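Reviewing the structure listed below.
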Amino acid sequence: MAATVESLVSYGTDSDSDNETKSNVSPEKVDPDAIAHLQPLKSGQTMSLALLNSAPEVAVKEAVETGVHLDPSLKEVTYNPTYETMFAPEFGPVNPYRSQQMAAPRNMLSGYAEPAHVNDFMFEQQRRTFSTFGYALDPSVDTTSQNSSNSYIGAVDEAEKKKGLTVFEVGPKKHDKRKKVQGGESDDIDNYLGPWAKYVDEKDGAKPSEEEQKELDEITAKRQKKGRNEEEAPAEEKTILHVKDAYDYQGRSYLHVPQDVGINLRTADIPDKCYLPKKQIHVWTGHTKGVSAIRLFPVSGHLLLSCSMDCKIKLWEVYNERRCVRTFIGHSKAVRDICFNNTGTQYMSAAYDRYLKLWDTETGQCISRFTNRKVPYCVKFNPDEDKQNLFVAGMSDKKIVQWDARTGEVVQEYDRHLGAVNTITFVDENRRFVSTSDDKSLRVWEWDIPVDFKYIAEPSMHSMPAVTLSPNGKWLACQSMDNQILIFGAQNRFRLNKKKIFKGHMVAGYACQVDFSPDMSYVVSGDADGKLNIWDWKTTKLYHRIKAHDKVCISALWHPHETSKVITCGWDGLIKLWD
């Protein structure tokens, strides 16, 4: 035991580091019991083990970790603080300029808003009432005492005058001197009839006298009658023959195919090789406004039919003197489309006056009229010999309507398009027909079946307002509104031929008609600049461009029996022959 005490004493006297530690530690901050065993023993003094404090005071956890301070910005406390710790004052210097208003708790910019259970409508109602009349219900007052004057805040006198009504219950006061019907002023709540009630001095309308009413009725009746006549009654049809004799010495009319033009026009033979047209050889003049469509006489092509925006249809000679043979007048608005039957003895015209008319090509008489009160955009006869009495028309109301020319009745409607129908083209030996529309789609139909069996629409596709079938019946050339001509297969699958895309012309916004050369060597089309464009079919290369018209060149036709004759028409009212 003595050895142990001596070692402890020697440890306490010899350790320099401990002496330095003792000199650096303040005696006020060190427990004397805790360092008693480190003090040197005086002479004659002995140390007992009882002087060692085996259980010194230990600070509680919160004093060690946080002391008596609890940070008010903490969101989470990991121990249970005492009441004194929770409500201890915040650390830091006191702000000498802090007022009572600054010391008050705030949860918004302007102060402290106590939670109040008010629905949105009630709050908005009181807010608008306060902003309009200057008073509102006091939300801190019990609702049972809201009849008293102290239940309002703001303009209490105004609240008593208006009986505490809100802005929604008090009508607007438009004029001070005028009163509402049944004697109620706008401030008189009991008789107020609402913001749309009539005033006392307000009449139902300025009623005319009996004489004025009678005259007004006559004018209205005439106007309605005139409107009905213009819209419903078809324009009077008449025709003008421009040649001296309608028949030759043998009794043959101008429909007879000429034999003295150097080629056989009676057969459907096509030339072996076609060539590019180079120059203009003739101009047909007569239309006073733009020409909208031209059609060659079936098989022979010795006559040319044209329709124009001047409401007239004209028949021209393609050979010999190239005269204007006859003019057909019968539409009150611009003629949009024309179509021959198989023999050429009759043709159909479609105009913006909403009428389709069947004409006799030889006599110029209008045989019959058809309408469904919609504008026809295109018309086509069924090419089958046994269905020559049937024709279809694409209408502005998204329908394709099929008529029987003998009865004048609608026999079928094809109603699947989502926009006005622009073209109708018969394919596959006339068993089917293809239609295009403003809805940027292409649909294929079986004849007399009003459900399309093929629907072609891609996000990249544009509207195709002009479609032409190739001479061999295998391809459809579609004038697309993104300035290119697309080629679709006309047999079976109707797939887009991505290798045959003809570009280089500007047609956006115009339905420029496309055509093929008879030997399928070239593709021709007009454009918006009045140019005639000719592409090579195999390479899709733009071979030739001719300035054909001053305005839009709306159609180009390659004569089916000629090697290089192309007919163009434009919105300048001219029809030109190129060779």
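The values are calculated or read from the model by the stated rules, or taken from the named source; none is laboratory data. The shown structure was predicted, so the numbers you read here are calculated from the model rather than taken from an experiment. Neighbour counts are summed over all protein chains in view; Cβ atoms, including those assigned to glycine, are modelled from backbone coordinates with ideal geometry. Ligands, DNA and RNA are stripped out before the accessible areas are found, and what is left, the full protein with its side chains, is counted by its heavy atoms. Shrake-Rupley method; radii C 1.70, N 1.55, O 1.52, S 1.80 Å.
Of note:
- Between V318, V299, V335, the distinction of being closer than 22 Å to N422 by Cα and of a type outside the set (S, T, N, Q) belongs to V335 only.
- Residue match in the stretch 406-418 (condition: without any contact (Cβ under 8 Å) to a residue 24 or more places away in the chain, outside any strand (DSSP E or B), out of contact with any Asp or Glu (no Cβ under 6 Å at 6 or more places or on another chain) and charged (D, E, K, R)): yes
- Here L358 fulfils each of the conditions (1) surrounded by 19 or more Cβ atoms within 10 Å (Cβ to Cβ); (2) modelled with pLDDT of 95 or more; (3) closer than 18 Å to C569 by Cα; (4) of a type outside the set (D, E) apart from (3).
- Taken over the stretch 419-437, the criterion of being outside any strand (DSSP E or B) and free of Cβ contacts under 8 Å to residues at least 60 places away in the same chain is satisfied by G419, A420, E429, N430, R431.
- Looking at V299, V318, V257, just one residue is over 30 Å from K538 (Cα atoms), out of contact with any Gly (no Cβ under 6 Å at 6 or more places or on another chain) and among the aliphatic types (A, V, I, L, M), and that residue is V257.
- Note on the stretch 374-426: residues that are basic (K, R) and under 21 Å from C307 (Cα atoms) total 2.
- Selection over the stretch 428-462 of residues that are within 21 Å of K498 (Cβ to Cβ) and crowded, with 22+ Cβ neighbours inside 10 Å gives a count of 4.
- Residue tally, condition touching a Pro at 6+ places or on another chain (Cβ under 8 Å) and among the hydroxyl-bearing types (S, T, Y), over the stretch 374-411: 1
- Per-region count, the stretch 393-405, residues out of contact with any Ser or Thr (no Cβ under 9 Å at 6 or more places or on another chain), in a strand (DSSP E or B) and touching a residue at least 24 places away in the same chain (Cβ under 8 Å): 5
- Residues considered: K576, K541. Of these, the only one that is within 19 Å of G290 (Cβ to Cβ), basic (K, R) and more than 29 Å from the chain's Cα centre (by Cα) is K576.
- The set of residues in the stretch 83-111 being outside any loop (DSSP other than H, G, I, E, B) and either of a type outside the set (D, E) or surrounded by 10 or more Cβ atoms within 10 Å (Cβ to Cβ) (or both) consists of Y83, T85, M86, Q100, Q101, M102, A103, M108, G111.
- Picking from residues in the stretch 488-502 that are closer than 12 Å to D428 by Cβ and not hydrophobic (A, V, I, L, M, F, W, C), the one that is modelled with the lowest pLDDT is N492.
- Hits in the stretch 373-413 (condition: in contact with a helix residue (DSSP H, G or I) (Cβ under 9 Å, 6 or more places away or on another chain) and open to solvent by 40 Å² or more (accessible area, probe 1.4 Å)): R373
- Strands (runs of 3 or more DSSP E) within the stretch 477-579 that include 1 or more residues of a type in the set (K, R) and buried (at least 16 other Cβ atoms within 10 Å of the Cβ): 496-503, 531-536, 575-578
- For the residues N483, N492, the requirement of being on the phi > 0 side of the Ramachandran plot and either in contact with a Gly (Cβ under 9 Å, 6 or more places away or on another chain) or β-branched (V, I, T) (or both) singles out N483.
- With respect to the conditions (1) of a type in the set (A, V, I, L, M); (2) within 30 Å of L165 (Cα to Cα); (3) surrounded by fewer than 10 Cβ atoms within 10 Å (Cβ to Cβ); (4) modelled with pLDDT of 80 or more, M122 lacks only one, and its number is (3).
- The test for being more than 22 Å from D337 (Cβ to Cβ) and either hydroxyl-bearing (S, T, Y) or open to solvent by 60 Å² or more (accessible area, probe 1.4 Å) (or both) does not hold for S470.
- The criterion of being at pLDDT 95 or above and not charged (D, E, K, R) holds for A293.
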